[in-house]
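Working notes, structure below.
Each value in this text was obtained by applying a stated rule to the coordinates, not by laboratory testing. In this text, all values refer to a predicted model and were calculated from it rather than measured experimentally. FYI the Cβ positions are ideal-geometry reconstructions off the backbone, even for glycines, and counts take in every protein chain you see.
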Amino acid sequence: MSENRLHVVNFLTVKNNIQVTPDVVGAELNNPGEFASDTNEISIARLTMDGNAGFERHVHPHNHVLAILEGSGFLVYDRGDGQDERLEFGAGDVFNVPGTNEHAVTAGPDGITMLSIGSPAMHLADPSRMVFLDEALRDMIPREIEGL
């Protein structure tokens, strides 16, 4: 049996090493501004989360698909009726997250590497891409990491 591998063929600009939160580093795998005109733009990012770290409850102005490449953890999300659901996931799992529903992601002890594919497209460093419900966390502005 052959080993599954992710191959990225990309003719677009890539921006690496964005500190999304203190425990999450991302790399943009495309530049939404470089899509052909009259097409639907998407953003694709690889996110790496430290063990037992996570994104606190937040919302997005867009929907996104999460594809878990490595590791495991869980997603807690509002089903849309004010009730929370907990979804455990592992490598190979793919799921759609309605961005306007409150949700939080937590990594297991070994961390997570995942793809986040969103539409409409937004850059990782865009402060409006992820809005934390806890106002104390809203000043965490993603930034490019120097020297990596």
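Note on Glu85 and Asp23: the extension gain reaches 19.9 nm, defined as 0.36 nm multiplied by sequence separation minus the Cα-Cα distance. Label positions at Asp50 and Asn101, each projected 7 Å from the Cα along the C-beta direction, are separated by 3.0 nm. Remark: region 31-77 projects, on average over all directions, an area of 4.6 nm² (convex hull of Cα atoms).
Summing +1 for each Lys or Arg and -1 for each Asp or Glu, what net charge is found among the other residues whose Cβ lies under 9 Å from the Cβ of Ala104? Net local charge, Ala104 excluded: -1.
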